[in-house]
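Engineer: Below: one structure in structure tokens.
The values are calculated or read from the model by the stated rules, or taken from the named source; none is laboratory data. From a predicted model like this one, the values you see are computed outputs, not experimental measurements. All Cβ positions, even for glycine, are placed from backbone atoms using ideal geometry, and neighbour counts span all protein chains on display. Note: areas computed on protein heavy atoms with side chains; ligands, DNA, RNA excluded. Shrake-Rupley method; radii C 1.70, N 1.55, O 1.52, S 1.80 Å.
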Amino acid sequence: MRDLLTRTLVLLVAMVTIGTMLSNTTTNSSAMNMTTEDNPLLATWDGPYGGIPPFDRVQIPLFKPALEAAMSEQLAEIQKIANDPAPPDFENTIVALERSGRTLNRIGTVYGVWGSTMASPDYQAVQREMAPRLAGFQDQITQNEALFKRVETVYNSPAKAKLNAEQQRLTWLYYTNFVRAGAKLSADAKKRLSQINQQLAGLYTKFSQNVLAEETDQFLVLKSEDELAGLPQSLRDAAAAAAETKKQPGAWVIMNTRSSIDPFLTYADRRDLREKAWRMFVNRGDNGGEHDNNAIITEILQLRAERAKLLGYPTHAHWRLENSMAKTPEKAMELMEAVWKPSVARVHEEVADMQALANKEGAKITIEPWDYRFYMEKVRKAKYDLDQNEVKPYLQLEKLREGIFWVAGELFNFEFTPVTNVPVAHPDIRVWEVTDKTSKKHIGLWYFDPYARAGKRSGAWMNAYRTQERVNGNITTIVSNNANFVKGKPGEPVLISWDDASTMFHEFGHALHGLNSNVTYPSLSGTAVARDYVEFPSQLLEHWLSTPEVLQRFALHYQTGKPIPQELVDKIKRSSTFNQGFATVEYLSAALVDMKLHLAGDRKIDPDAFERETLTQLGMPKEIVMRHRTPQFLHIFSGDSYSAGYYSYLWSDVLTADAFGAFVEGKGPYDRAVAERLRKYVFSVGNTIDPAEGYRGFRGRDPKIEALMKKRGFAAKS
Ligand SMILES: [Zn+2]
């Protein structure tokens with residue numbers, strides 16, 4: 001599963017646009033008087049394409065004063081809206097809020113990019129200080145009574161019926177967000193709520209920094225040929241390069257991140273080293289000492305439970321899911337439970353296959369979690385005659401990038417042109433301009449940051465630096481895709497796995513969701529949709545990787561330039577449901593633990609014991625560990641947005657599998673008419689319509705679960 005960068009800062013913007021006054025104690029007059037000459041981060045973005053982020057002018061000490069000045073500016077804007085003598089209406093309240101906070105929005109974007117990709121120790125110190133203050137700032141906006149009264153008046157006004165559908169939805173969104181953030185609470189309750197939010201913001205920062213520290217400080221050093229046994233050349237090269245950055249001359253280093261650990265577990269012959277690597281990875285944040293996350297989790301869960309009660313919900317999960325597509329935790333649990341049993345049954349079959357193979361080889365072992373990927377690969381070879389290492393030479397990072405561009409051209413008529421007149425945060429980052437193929441009209445910018453480096457969070461994600469909108473003029477979007485590929489030797493192509501290629505298509509799907517956006521109001525733009533809907537466009541895009549059109553043009557051997565042989569493609573196809581037991585159980589166990597942690601209410605939770613007991617109750621196969629164990633579960637403890645929300649990937653995948661059926665039933669993956677419906681009802685509408693309605697517009701009916709079960713190879717049992 002991949003994630004969309006929780007758009008904390010963009011959400012902050014959305015929340016921040018709902019702003020109000022700041023008390024004098026936090027207003028910093030020197031910050032207010034700061035000029036853009038003192039601090040270039042405060043300047044409007046200049047340059048081409050309607051302005052571009054000033055990544056070349058960032059200095060860490062500029063962040064704090066810039067954020068402070070921008071908060072002050074927004075609070076003044078909010079104050080003006082709240083104190084407007086004119087009776088509240090859509091224009092002077094809702095639209096005025098949409099227009100506010102633009103400086104903070106810009107600075108927050110750059111600040112967020114540094115947080116996820118350039119988090120040096122001095123940056124982390126700023127982050128620790130600013131996270132609670134930014135949270136408190138949001139509360140000052142949502143708790144402004146005069147402002148809320150105006151929003152409420154517009155929401156309840158008969159004049160609302162005369163607004164267009166997008167305007168009515170925006171009004172509903174503002175009203176709902178205010179209420180969900182506690183606008184109707186008593187003064188005392190509001191005060192406590194804000195304390196909780198600030199405390200949580202501090203804990204989220206600490207949690208993330210602890211995981212980053214353990215991913216950075218811990219690594220596995222290999223010193224001899226014997227310890228490298230089984231590793232393909234590409235992995236050895238990457239490990240040698242990693243050894244250089246870790247100052248281990250003459251050795252090889254396996255980093256403590258998924259992109260290094262997973263391939264190691266797949267290929268390393270040395271079982272003892274596999275176990276060592278596996279333990280290092282699954283114990284991130286769970287090692288005692290200064291980076292242990294267990295106590296932090298207990299505190300986060302208690303604060304969340306208290307906050308939910310204050311807001312009038314039985315649990316944090318109920319609060320979080322209210323504005324999702326699923327609506328209730330029960331609905332989400334129902335889906336997870338429907339898929340859980342068949343996937344566990346499949347795991348037992350997979351393990352039996354692996355055990356039989358190990359026995360045949362005379363290995364004299366019982367399959368353990370650190371054996372799963374290793375034997376899975378052997379079974380894949382035996383069953384489907386498919387060797388991942390045979391596929392990899394055809395999967396060149398840059399060719400696949402051309403492939404995703406081509407797909408975007410076929411589906412959405414987009415064209416990508418590299419540009420060099422745009423500053424970037426790091427020399428490895430490249431930028432493309434996106435235009436319409438026919439009209440040549442400018443659509444947006446796409447930044448690509450593919451390589452791992454110190455201070456960059458692991459995984460792959462999409463981020464929006466600027467959302468498309470028309471309230472502040474005709475504003476085009478700026479989006480980015482980020483990954484953690486290990487950079488090859490200069491001049492040599494970076495070869496990636498099939499899974500990684502699939503992830504590229506996924507993240508690009510998020511980018512296309514942003515690039516296709518065609519709405520008026522920024523709060524409703526692009527990927528600002530329900531959490532359990534946002535993975536639908538991205539997961540859908542994954543389907544285009546395996547189309548013959550892409551493979552024949554872009555899956556080219558890095559030495560011969562020849563396309564991947566049809567025979568190999570057929571093998572990939574035949575094995576498409578292989579190992580779905582493992583993938584589903586690994587993911588779903590994490591999603592179930594997430595939901596149960598947030599349904600548990602306010603009792604004090606020991607995360608280790610809770611995880612153990614929950615998995616036992618579920619009948620978790622002992623050969624698999626959760627994809628994200630609780631002490632490193634960044635999705636749910638680095639912020640609120642995916643909390644009680646990790647199920648979203650499965651929820652979205654029901655839509656994805658069902659939606660691809662529309663192409664299959666039509667003229668295939670490049671059916672223009674179906675793609676146009678997809679653009680019209682899904683990719684362009686952002687949050688301007690209810691997602692269920694959008695889906696019906698595209699598909700002509702509600703989604704069915706059968707396609708998902710088929711895609712994963714689970715027999716649909718009645
Ligand atoms: Zn995603």
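Engineer: How many residues are outside any helix (DSSP H, G or I), among the hydroxyl-bearing types (Ser, Thr, Tyr) and open to solvent by less than 10 Å² (accessible area, probe 1.4 Å) when one looks only at the range 100-134?
Structural biologist: Total satisfying the criteria: 1.
Engineer: Taking only the range 700-718 into account, find how many residues are touching a helix residue (DSSP H, G or I) at 6+ places or on another chain (Cβ under 6 Å), crowded, with 18+ Cβ neighbours inside 10 Å and under 17 Å from Gln539 (Cα atoms).
Structural biologist: Within the range 700-718, residues that are touching a helix residue (DSSP H, G or I) at 6+ places or on another chain (Cβ under 6 Å), crowded, with 18+ Cβ neighbours inside 10 Å and under 17 Å from Gln539 (Cα atoms) number 5.
Engineer: Taking the criterion of being of a type in the set (A, V, I, L, M) and either open to solvent by 10 Å² or more (accessible area, probe 1.4 Å) or at positive phi (or both), would at least one residue in the range 640-649 satisfy it?
Structural biologist: Yes, the range 640-649 contains at least one residue that is of a type in the set (A, V, I, L, M) and either open to solvent by 10 Å² or more (accessible area, probe 1.4 Å) or at positive phi (or both).
Engineer: Now, a different point. Those residues that are of a type in the set (Phe, Trp, Tyr) and either at pLDDT 95 or above or crowded, with 20+ Cβ neighbours inside 10 Å (or both), I need them from the range 533-585; list them, please.
Structural biologist: Across the range 533-585, the qualifying residues are Tyr533, Phe536, Trp544, Phe554, Tyr558, Phe582.
Engineer: Of everything in the range 606-620 that's among the hydrophobic types (A, V, I, L, M, F, W, C) and assigned to a helix (DSSP H, G or I), which residue is surrounded by the fewest Cβ atoms within 10 Å (Cβ to Cβ)?
Structural biologist: So, considering only residues that are among the hydrophobic types (A, V, I, L, M, F, W, C) and assigned to a helix (DSSP H, G or I), the one surrounded by the fewest Cβ atoms within 10 Å (Cβ to Cβ) is Ala609.
Engineer: Return a yes/no flag: does the range 343-350 have any residue that is in a helix (DSSP H, G or I), touching a Lys or Arg at 6+ places or on another chain (Cβ under 9 Å), open to solvent by 30 Å² or more (accessible area, probe 1.4 Å) and over 30 Å from Gln198 (Cβ atoms).
Structural biologist: yes
Engineer: Which of the residues belonging to the range 634-654 are more than 13 Å from the ligand (Cβ to nearest atom) and of a type outside the set (Phe, Trp, Tyr)?
Structural biologist: Hits for the range 634-654 are Leu634, Ile636, Ser638, Gly639, Asp640, Ser643, Ala644, Val654.
Engineer: Quick check: is even one residue across the range 522-537 among the charged types (D, E, K, R), touching a Gly at 6+ places or on another chain (Cβ under 8 Å) and closer than 30 Å to Ser260 by Cβ?
Structural biologist: yes
Engineer: Taking the criterion of being closer than 18 Å to His510 by Cβ and of a type outside the set (Lys, Arg), would at least one residue in the range 667-680 satisfy it?
Structural biologist: Yes - at least one qualifying residue is present in the range 667-680.
Engineer: For the range 84-110: of the residues being more than 25 Å from the chain's Cα centre (by Cα) and polar (S, T, N, Q), which is farthest from Phe148 (Cα to Cα)?
Structural biologist: Among those residues, the one meeting the criterion is Ser100.
Engineer: A further question follows. Is the range 481-491 home to any residue that is more than 12 Å from the ligand (Cβ to nearest atom), modelled with pLDDT of 95 or more, under 21 Å from Val113 (Cβ atoms) and among the polar types (S, T, N, Q)?
Structural biologist: No.
Engineer: Then there is this: Just name the residue that is nearest to the ligand (Cβ to nearest atom) out of those in the range 425-453 that are under 19 Å from Lys487 (Cβ atoms) and among the charged types (D, E, K, R).
Structural biologist: Among them, the one singled out is Asp449.
Engineer: Quick one: is Trp406 modelled with pLDDT of 95 or more, open to solvent by 50 Å² or more (accessible area, probe 1.4 Å) and under 30 Å from the mean Cα position of the chain (by Cα)?
Structural biologist: Here the answer is yes, as Trp406 does meet what is asked.
Engineer: Can you say whether Arg274 is open to solvent by less than 40 Å² (accessible area, probe 1.4 Å), more than 24 Å from the chain's Cα centre (by Cα) and not β-branched (Val, Ile, Thr), as far as the supplied structure shows?
Structural biologist: Here the answer is yes, as Arg274 does meet what is asked.
Engineer: Report yes if some residue within the range 358-377 is among the hydrophobic types (A, V, I, L, M, F, W, C) and either without any contact (Cβ under 8 Å) to a residue 12 or more places away in the chain or open to solvent by 60 Å² or more (accessible area, probe 1.4 Å) (or both); otherwise report no.
Structural biologist: yes
Engineer: What do you reckon, is Arg304 in a helix (DSSP H, G or I), among the basic types (Lys, Arg), in contact (Cβ under 8 Å) with a residue 24 or more places away in the chain and crowded, with 22+ Cβ neighbours inside 10 Å?
Structural biologist: Judged against the criteria, Arg304 is a match.
Engineer: If you don't mind, another one. Among the residues of the range 454-466, is any open to solvent by 40 Å² or more (accessible area, probe 1.4 Å), within 16 Å of the ligand (Cβ to nearest atom) and either closer than 29 Å to Thr44 by Cβ or more than 13 Å from the chain's Cα centre (by Cα) (or both)?
Structural biologist: The answer is yes, given that some residue of the range 454-466 is open to solvent by 40 Å² or more (accessible area, probe 1.4 Å), within 16 Å of the ligand (Cβ to nearest atom) and either closer than 29 Å to Thr44 by Cβ or more than 13 Å from the chain's Cα centre (by Cα) (or both).
Engineer: Taking the condition of a type in the set (Asp, Glu), under 30 Å from Glu567 (Cβ atoms) and open to solvent by 30 Å² or more (accessible area, probe 1.4 Å), does Glu398 pass?
Structural biologist: Yes: the conditions hold for Glu398.
Engineer: Within the set of pairs 6 or more residues apart or between chains, which connect a residue that is at positive phi inside the range 285-299 to a residue that is assigned to a loop (DSSP other than H, G, I, E, B) with Cβ atoms less than 7 Å apart?
Structural biologist: Pairs that qualify, where the first residue is at positive phi and the partner is assigned to a loop (DSSP other than H, G, I, E, B), are Gly285/His291; Gly285/Asp292; Gly285/Asn293.
Engineer: Checking Thr503 against (1) over 24 Å from Pro53 (Cβ atoms); (2) away from the ligand (no atom under 14 Å from the Cβ), which single condition isn't satisfied?
Structural biologist: (2)
Engineer: Continuing with the same structure: So, of the residues in the range 518-566 that are more than 16 Å from the ligand (Cβ to nearest atom) and hydroxyl-bearing (Ser, Thr, Tyr), which turns out to be farthest from the chain's Cα centre (by Cα)?
Structural biologist: Thr560
Engineer: Taking the conditions exactly as written (open to solvent by less than 10 Å² (accessible area, probe 1.4 Å), within 16 Å of the ligand (Cβ to nearest atom) and either at pLDDT below 50 or assigned to a loop (DSSP other than H, G, I, E, B) (or both)), does Leu4 satisfy them or not?
Structural biologist: yes
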